[in-house]
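The values are calculated or read from the model by the stated rules, or taken from the named source; none is laboratory data. These numbers were taken from a predicted model, which means no experiment stands behind them. All Cβ positions, even for glycine, are placed from backbone atoms using ideal geometry, and neighbour counts span all protein chains on display. Ligands, DNA and RNA are stripped out before the accessible areas are found, and what is left, the full protein with its side chains, is counted by its heavy atoms. Shrake-Rupley method; radii C 1.70, N 1.55, O 1.52, S 1.80 Å.
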Amino acid sequence: MGEAAKALRPISLEEYLDREAQAQTKHELVEGFLHAMAGASRDHALLVTNLALVLGPLARRRGCRLFVADMRLKVGERTVYYPDLMVVCAPPPANPYYEEEPCLVVEVLSPTTEAIDRREKLWRYLSLPSLKGYILVHTQEKRIELYQRKGEEILYLAITEGEMPLPCMEGTLPLAEVYAGVDLEDP
């Protein structure tokens with residue numbers, strides 16, 4: 001025999017922030033519903049570190065802020081994510097527990113989150129007027145993808161060698177530096 005059915009109800013942004021302040025596990029809020037986040041692999045963590053080492057000085061030179069993994073991004077009244085990295089050049093919002101206007105968001109793909117990063121998050125991030133680029137970094141091959149806003153168009157670029165131009169910052173993302181010391185995960 002199964003469990004008794006439970007009634008689910010969406011929660012507000014305020015309820016979410018209150019719960020997260022006391023939670024032992026991080027959650028994203030998607031249309032008012034909590035989704036627990038899993039831990040990252042070694043390769044994932046190394047890629048995020050390498051990305052921060054490249055992006056940090058570029059962001060600082062532009063007077064922007066780089067956030068890694070623990071800062072929330074509010075993309076709607078009932079949807080909040082924890083991107084792997086985001087660059088924000090706009091003034092901070094009144095609430096100190098999330099950002100709202102990134103110019104660049106980076107997600108490191110994992111087999112369990114890739115579909116969400118490519119569909120749900122792609123379109124939610126690109127709906128933010130401030131966003132100039134969304135970067136996806138692979139863990140199973142040396143490959144970086146960029147969705148870049150140019151006016152009303154979204155341009156797509158993928159690289160497997162060389163450097164990726166960085167929207168909203170003066171500089172590039174060198175593939176060799178991003179993957180330095182990383183043994184790619186087995187598919």
Counting only residues that are aliphatic (A, V, I, L, M) and over 17 Å from Ile144 (Cβ atoms), region 69-122 contains a total of 10
Starting from region 98-126, take each residue that is modelled with pLDDT of 95 or more and of a type in the set (A, V, I, L, M, F, W, C) and list its partners that are open to solvent by 10 Å² or more (accessible area, probe 1.4 Å) and part of a helix (DSSP H, G or I), counting only C-beta distances under 6 angstrom and pairs at least six apart or across chains.
Val108/His44; Val108/Val48
